[in-house]
Amino acid sequence: MNLNHHYDLAVIGAGPAGMAAAIEASRNNMKVLVLDDQTAAGGQVYRQIDRNYHKNDKLFFLGEDYWLGKKQVEDFKHSSAEFFPESRVWQITQDKHVFFSRKGRAYQVEANFILISTGATERPMPILGWTLPGVMSVGGAQTLLKSNNSGADGAVFAGSGPLFYLTIWQYLNAGFKVGAVIDTAPGRLSWSHYLWALPALLQLNLLLKGLRWRSHIRKNTKYFSEVRSVSISGQSTAESVSFLDKYGEKKKLYASHVFLHQGVVPNVNLTMATGLKHYWCPRQLCWHPETNIYGESSLKGIYVAGDGSGIAGASAAILAGKTAAKHIVQYSRRPSIFITFLSKLKRYKHVAARPFLDILFCPPKEWRVPFEDETIVCRCEALKKADISSAISLGVAGPNQLKSFCRAGMGRCQGRMCGLTIQKMIAEYNNISEKDAGYYRLRPPIRPLTLGELASLAED
Amino acid sequence: MSSQGNKVVVIGGGIQGCATAFFLAKRGQKVTLIEKDRIGRHASGVNAGGVRRLGRNILEIPLSLAAMDIWQNLYQEIGEYAEDFHPCFYLKVAVDEAGRELGLMRAANLREAGFTHEVWVEDDVIQTRLPHLSIPTHGGLIVEGDGWATPWRIVQGFANAAKKNGAKIIEDCYVNSLTQSQGLWQIQTLKGLFEAGTVVNCAGAWAADIARSADDYIFPLESFAPMLVVTERRPKILPAVMGVLSHTLSLKQLENGQFVIGGGVRSKANHLINQSDVSLQKLSSSIKLAAKLFSEIGNAQVIRCWSGIEGYMPDELPIIGRGRRNGLFHGFGFSAHGFQLGPGVGEALADLVMGQQPRVSLEAFRPDRFIN
Ligand SMILES: Cc1cc2nc3c(=O)[nH]c(=O)nc-3n(C[C@H](O)[C@H](O)[C@H](O)COP(=O)(O)OP(=O)(O)OC[C@H]3O[C@@H](n4cnc5c(N)ncnc54)[C@H](O)[C@@H]3O)c2cc1C
Ligand SMILES: Cc1cc2nc3c(=O)[nH]c(=O)nc-3n(C[C@H](O)[C@H](O)[C@H](O)COP(=O)(O)OP(=O)(O)OC[C@H]3O[C@@H](n4cnc5c(N)ncnc54)[C@H](O)[C@@H]3O)c2cc1C
């Protein structure tokens, strides 16, 4: 493996944001390294685009937005950036060393600038039965579709959000039978929805697309709207889904595959473990790293771009990556107020609809904290809601302290599956805001790392 | 003396402070423990939990043995929390001739000094005690009955037992300053003023700041962050706590199968802002060694790495004893091996405060030993 020890820019994540930054920076003669844990460039949205393109039946069902990524991936491949796929970055130090594992070995590189473009992750939807085999996230189902063209006939989709409708639409297009769609979005729109809908009109295309997906889904599936109290049951695997429909009537559907989704949130494990400052975003109900308009974080020379710095979608991610790279290239020249204003304006076109989408699909409490005491909250340590509630009632001030009381969040997912739920539970019990309850203190390694890999860093 | 004059304030809710408060309360002394964060939040709650006499500085051995007496009867003192102490055996093996020489020399020195707890064993014994070991050794030192504990639980145990005996424990209460007037200590805190005739400074890495504020000695105490990694659960292969002679490694496997690896390697710490770094890279040599001892370990996945803030003295021996000022006692500077000593230190400090003779000499830990 032909790795240098030093780069001008190290980019973590080869999604739209990371690729755009790498293309821009290498065009300006910077020595760029790009690391991504997938087997190919593309990120979440353009996952496996290269391989799928070379298939005989170019997977048309993924939709034109997916195939838009082809050009970017081509440009990226032809750029002078060095790209190492299958590289799991597990630590970034504040003096800008990047540590990662690849094929059983660990490596270390140093860079003048670092761009973290590690994207988003799905918000967990902890409901009764969500840990049964056969249940997975909608994003997981989409990943299988993009990577292997595989799916499950008769699956039930429960949740809401743009990715929810997109994936069902793709599923239908691919020819899979959808068992039912259980839409948990609240039906009534309030005045604030209408208010935020106004700027959203700037991204009319996006809204129309969403409406098209939804009406296609309504027509072609067994569709339930405004659903509440969803739970999954089964002996050893998922067998059925129960819920209350919008008339309050109890329903039960049989399904061996259930896909859940409540939107996506920035994947903050790397940014938090690196020690960047974060703030609580009350509209998206998640943590965001603090950055300026160019993506520079609270640590000089470390940037964050794309959905990892706040959910805004693929086109905003491309712009953010490019903007960050431009800022890095001209680092010594601080941009004028006018340029900053222009950058903001440019960005606005790509995010105008975001507040509207955020409040439209804002997950009600029911999907963030489970109702039943027996529901598992921390999957790694198999802790139920009741276990966690009783630990919290011993007088826990925040998620970190909870660790010592009941080991919640101490497993291998590092809190990805329980952090937001536990934060909310602690806030409610202590009657404080979610922001004040705080989040887990994250520490490297933030990605799986074996002791053997770590040992390979030792000098002989 | 006034009623305040009878009171003792212990600063610091780590193992030393909690054990001290416990032994004082148990003997009927009025005592208040003040902790700036939460009980066991720092080194005492996050350490490797190694309860070992093995390998201690010879000057520290009597105190360590005294502490072990308490560990062995811990249930009497702190009740069910004592179940979180797991005695087994501690083994430090030699992986090369240099290690063997060092070990044999140490065994001879200890024998001469009259200590019998550390025993030299040859490879055949080691192989039968550790059937999963991947390499032959050059012998090693063993101590039966050493083991490990869940540190946070033990600290809680002492804190609870202290409370049961009437001690007051106040958390989230930062001590700002200490001044003495008319034989009484005025302790300014975030939660107001406390007064006491006696103060015991068990403030860990922060203890030199407390001493300075009290106009006591200036202590050459430095903060560092010892580090640990813990792996996912793996089949049980290691029934002991292990180290390697002339190398820095401490290795054990918890009851649930997780490996915990650390030992000596330390990163940067800034106690003023409660911050400690981790640098996994610095642990890589220790881990390489661990994977050499048990090849199975190389496949285990790291799930967490952490560090804690610890105060170090230049000679890596603690400060235990009377300060320069009247009514001020110190117990800190444990230089990354103070967890096992905790119960012994608590008992000794309680003795000193109550004007009794501690059961072992504290000469080696004199607070004034760096003052010329
Ligand atoms: C499961 C999922 C599916 C999605 N599908 C779509 C979709 O089909 N259409 C759509 O418009 N939007 C989709 N989104 C939303 C998506 O976040 C944005 O559209 C867009 O992909 C964001 O681009 P990005 O460059 O910020 O991040 P991403 O595209 O997410 O790229 C980040 C890349 O970083 C890699 N990475 C993360 N952490 C590390 C690490 N520690 N070491 C190495 N590599 C790392 C990831 O594997 C990924 O390849 C999806 C989001 C998720 C979570
Ligand atoms: C990672 C790690 C591994 C270790 N492994 C072992 C091991 O295996 N075996 C072993 O024997 N030892 C080990 N140690 C060392 C051991 O943990 C320490 O020596 C011991 O815990 C020190 O106890 P303490 O009570 O002095 O300090 P601490 O636990 O640090 O307690 C001091 C307390 O004082 C409080 N305080 C400070 N200033 C103020 C103030 N102004 N006002 C109020 N309160 C204040 C602090 O908040 C703190 O809680 C390890 C240490 C670490 C960090």
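The values are calculated or read from the model by the stated rules, or taken from the named source; none is laboratory data. In this text the structure is predicted, and so the values were computed from the model without any measurement. When we count neighbours, we look across all protein chains shown, and the Cβ atoms used for this are built from the backbone with ideal geometry, even at glycine. Ligands, DNA and RNA are stripped out before the accessible areas are found, and what is left, the full protein with its side chains, is counted by its heavy atoms. Shrake-Rupley method; radii C 1.70, N 1.55, O 1.52, S 1.80 Å.
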On a C-alpha basis, how far is the centre of region A:53-129 from the centre of region B:100-153 in Å? Whole number, if you could? 48
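What helices in chain A pass both tests, a Cα length along the helix axis of 20 Å or more and a mean Kyte hydropathy of -1.0 or higher, using whole DSSP H runs? It would help to have the intermediate numbers written out before the result.
Values: long enough: A:204-220 (24 Å, -0.59); A:314-329 (23 Å, 0.93); A:337-351 (21 Å, 0.28).
Helices passing the filter in chain A: A:204-220, A:314-329, A:337-351.
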Report the FRET efficiency, 1/(1 + (r/R0)^6), for B:Q182 and B:I218, where r is their Cβ-Cβ distance and R0 is 22 Å, rounded to 0.05. 0.30
With a point put 7 Å past each Cα toward its Cβ, work out how far A:K71 is from A:H5 in nm, to one decimal. 4.2
May I ask for the angle, rounded to the nearest 10°, between helix B:151-164 and the longest principal axis of chain B, with both axes built from Cα atoms and the value confined to 0 to 90°? 30
Tell me, which residues of region B:277-298 get at least 20 Å² less accessible area when the other protein chains come in, versus the chain alone (1.4 Å probe)? B:V278, B:L280, B:Q281, B:S284, B:I287, B:K288, B:G298
What Cys residues in chain A have no fellow cysteine's beta-carbon under 4.7 angstrom? A:C281, A:C286, A:C362, A:C380, A:C406, A:C413
Starting from the Kirkwood Rh over alpha-carbon pairs, what translational D in µm² s⁻¹ does region A:1-146 have by Stokes-Einstein at 20 °C and 1.002 mPa s? 130
Translational diffusion coefficient (Stokes-Einstein; Kirkwood radius from C-alpha pairs) of chain A at 37 °C, 0.692 mPa s, in µm²/s: 143
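Which GluC sites (Glu not before Pro) from region A:344-399 combine a DSSP loop assignment with at most 15 other Cβ atoms within 10 Å?
Details: sites: A:E366, A:E372, A:E374, A:E381; in loops: A:E372, A:E374, A:E381.
Counting only loop positions with at most 15 other Cβ atoms within 10 Å, the GluC sites (Glu not before Pro) in region A:344-399 are A:E372, A:E374.
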Name the residues of region B:140-163 whose amide N is less than 20 Å from a point 7 angstrom out from the Cα of B:M105 along the C-beta direction? B:140-142
Spatially near lysine pairs across region A:124-262, Cα under 29 Å, sequence gap of 8 or more or different chains: 22
Length gain on complete extension for the stretch A:R27 to A:D373, per 0.36 nm per residue less the alpha carbon to alpha carbon distance? 119.0 nm
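Considering every pair of different Cα atoms, what Kirkwood radius, in Å, is found for region A:369-437? If you can, show how the numbers build up before the last one.
On the way: mean 1/r = 0.0866 Å⁻¹.
Result for region A:369-437 stands at 11.5 Å.
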In whole angstrom, and with the biggest value first, how far do the Cα coordinates of region A:124-262 range along each principal axis? 48, 37, 27
At 1.4 Å probe size, with every protein chain present, just tell me what the per residue accessible area of chain B comes to in Å². 39
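Determine the calculated [θ] at 222 nm for chain A from helices alone, applying -39500 (n - 2.57) to every DSSP H run no shorter than 4 residues and normalising by the residue count; nearest 500 deg cm²/dmol. Walk me through the intermediate numbers first.
On the way: 17 runs with 161 residues, N = 460.
It comes out at -10000 deg cm²/dmol, rounded to the nearest 500.
How big is the B/A interface in buried accessible area, both sides summed, 1.4 Å probe, to the nearest 100 Å²? If you can, show how the numbers build up before the last one.
Details: alone 15800 and 21190 Å², together 34480 Å².
Summing both sides, the interface buries roughly 2500 Å².
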Starting from the Cα of B:V119, step 7 Å toward the Cβ, then list every residue of region B:32-64 with an amide N under 14 Å from that point. none
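Could you compute the net charge surrounding A:A427? Neighbours are other residues with a C-beta less than 14 Å from the C-beta of A:A427; K and R count +1, D and E count -1. Don't skip to the end; give the middle numbers.
Details: positive: A:K365, A:R368, A:K424, A:K435; negative: A:E428, A:E434, A:D436.
Local charge sum for A:A427: +1.
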Given springs between every Cα pair under 10 Å in a Gaussian network model of chain B, which of B:G13, B:G55, B:G157 has the largest fluctuation? B:G55
Which semi-axes, in whole Å and largest first, does the equivalent ellipsoid of the protein assembly as shown have when worked out from the alpha carbon gyration tensor as the square roots of 5 times its eigenvalues? 53, 30, 27
Calculate, in nm to one decimal, what A:N112 and A:H78 gain on full extension: separation in residues at 0.36 nm each, minus their alpha carbon distance. 9.9 nm
Per-residue mean of C-beta atoms belonging to partner chains within 10 Å, peptide A:419-430: 0
Give the cross-link partners of B:K236 among the lysines, using a straight C-alpha distance below 27 Å as the criterion and excluding same-chain residues fewer than 8 apart. A:K103, A:K384, A:K403, B:K92, B:K252, B:K282, B:K288, B:K292
Compute the long axis of helix B:15-26 from its Cα atoms, compare it with the longest principal axis of the Cα atoms of chain B, and write down the angle in degrees, 0 to 90, nearest 10. 50
Mind grabbing the accessible area of A:D245 for me, 1.4 Å probe, Å², rounded to tens? 10
What residues in region B:212-237 lose 20 Å² or more of accessible surface when the other protein chains are added to their chain alone (1.4 Å probe)? B:E232, B:R233
Where in region A:131-145 does the amide nitrogen come within less than 13 Å of the point 7 Å from the Cα of A:T237, taken along Cα to Cβ? A:132-136
Can you tally the net charge around A:K31? Count Lys and Arg as +1, Asp and Glu as -1, for every other residue whose Cβ sits under 10 Å from the Cβ of A:K31. -2
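Ignoring ligands, DNA and RNA, what percent of the 1.4 Å accessible area of region A:369-437 is carbon and sulfur? Mind dumping the intermediate values first?
Details: 1480 of 2910 Å².
After summing per-atom areas, the C and S share lands at 51 percent.
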Per-residue ellipticity at 222 nm attributable to helices in chain B (runs of n ≥ 4 DSSP H, -39500 (n - 2.57) apiece, nearest 500 deg cm²/dmol) works out to -8000 deg cm²/dmol
Quick one: pull the percent of accessible area on chain B belonging to carbon and sulfur, 1.4 Å probe, ligands and nucleic acids left out. 49
Could you give me the percent of Cα pairs per 10 Å distance bin for region A:415-454, shortest bin first, beginning at zero and ending with the bin that holds the maximum distance? 27, 37, 21, 13, 2
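Could you rank A:R27, B:R304 by how accessible they are, 1.4 Å probe, largest area first?
Working: A:R27 155, B:R304 40 Å².
Output order, biggest surface exposure first: A:R27, B:R304.
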Output the antiparallel fraction of DSSP beta bridges having both residues in chain A, as a percent to the nearest 5. 50
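Equivalent-ellipsoid semi-axes (√(5λ), Cα gyration tensor) for chain B, whole Å, largest first? Could you put the intermediate results ahead of the total?
Details: eigenvalues 269, 87, 71 Å².
In descending order, the three semi-axes are 37, 21, 19 Å.
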Inter-label distance, nm, simple model (7 Å from Cα along the C-beta direction), A:Y247/B:S3: 7.2
I'd like to check one number: the per residue accessible area of region A:124-262, probe 1.4 Å, reported in Å² as a whole number. 47
What's the local net charge at A:R88, with K and R +1, D and E -1, over the other residues with C-beta under 10 Å away? -2
Values of log10 I(q)/I(0), in the order q = 0.12, 0.24, 0.25 Å⁻¹, for region B:1-98 under a Debye, Cα-only, solvent-free model: -0.54, -1.40, -1.43
Can you pull the mean other chain C-beta count within 10 Å for peptide A:442-450? 5
Within the accessible area of region A:124-262 (1.4 Å probe), percent carbon and sulfur: 57
